[in-house]
Amino acid sequence: MGFTELFILAVGLAMDAFAVSVCKGLSLGETKLKHSVTAGLYFGGFQAIMPLIGYMLGIRFQHMIQRVDHWIAFVLLLIIGINMIREAKEQEECSSSMKPKDMLPMAVATSIDALAVGVTFAFLGVNIVWAVSLIGVITFILSAVGVKVGRVFGFKYKSKAEILGGAVLILMGIKILLEHLGLLG
């Protein structure tokens, strides 16, 4: 997986966190730099930690499922992508609180898909340090920007971001499968 593919995947994974950050920005009233940094740290941190955990789990079982690893990667990315698209249509309430008791569950919830992607990284032989760093930084930036975007634009872009993220993950899954089947060069 090259830089461009990893970058696109990182943006796709960050879309859930971006959407929640937009919601936070909408509910805050007045946004400050600390709100953007807080959202960026929570979401970016968990988006970096979860694929690392998934990678460690995937490495443990890689030798057992090496012959079907491309199918597993495809199915996981397909399921995650479809879920993101489905959730884009749901309207959810968002609290303006930036306290740990409110941010932690949201950070975990938005990064569960990154855990599954981490498992696929183990099968694909991705440089995990580079991957989790890129995912964390991109999510940090998009989450920090999302708080400001939410204040300015509101819910208009929230569902579009989730749909885009889901579509990117589905397309990455299809690409991985086609490459392993020898249908893509």
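Laboratory data are not the source of any read-out in this text; all were calculated from the coordinates shown. Note that the structure is a prediction, hence the values are computed from the model and not measured. No Cβ is skipped: glycine too gets one built from the backbone with ideal geometry, and neighbour counts run over all protein chains shown.
Going by the alpha-carbon gyration tensor, a ≥ b ≥ c the square roots of its eigenvalues, is region 7-72 rounded (a/c under 1.5) or, if a/c is not under 1.5, prolate (a/b greater than b/c) versus oblate?
Verdict is prolate for region 7-72.
Pick from 48, 144, 167 the residue whose mean-square fluctuation is largest in a GNM of the chain, springs joining Cα atoms under 10 Å.
Top of the fluctuation ranking is 167.
Going by alpha carbons, how many degrees (0 to 90, nearest 10) lie between the helix axis of 100-124 and the longest principal axis of the chain?
Its long axis makes an angle of about 20 degrees.
Against the longest alpha carbon principal axis of the chain, how many degrees, from 0 to 90 and to the nearest 10, is the axis of helix 33-61 turned?
Compared with the principal axis, the helix lies near 20 degrees.
Which residue, 26, 41, 124, has the most motion in a Gaussian network model of the chain that connects Cα atoms within less than 10 Å?
Among 26, 41, 124, the largest GNM mean-square fluctuation belongs to 124.
Under a 10 Å cutoff between Cα atoms, tell me which one of 33, 115, 142 has the largest fluctuation in the Gaussian network model of the chain.
Maximum fluctuation in the GNM of the chain, among the listed residues, is at 33.
On a 0 to 90° scale, report how tilted helix 69-88 is relative to the longest principal axis of the chain, with both axes built from alpha carbons and the result rounded to the nearest 10.
With both axes taken from Cα atoms, the answer is about 20 degrees.
Hey, any idea what Rg/Rh is for region 1-131, computing Rh the Kirkwood way over Cα pairs?
With Rg and the Kirkwood Rh in hand, the quotient comes to 1.02.
From the helices alone, meaning DSSP H stretches of at least four residues, give me the mean residue ellipticity at 222 nm for the chain, per-run term -39500 (n - 2.57), in deg cm²/dmol to the nearest 500.
When only DSSP H runs of four or more count, the value is -28500 deg cm²/dmol.
If you filter region 36-119 for trypsin sites (Lys or Arg not before Pro), then keep DSSP loop positions with at most 15 other Cβ within 10 Å, what is left?
Counting only loop positions with at most 15 other Cβ atoms within 10 Å, the trypsin sites (Lys or Arg not before Pro) in region 36-119 are 89.
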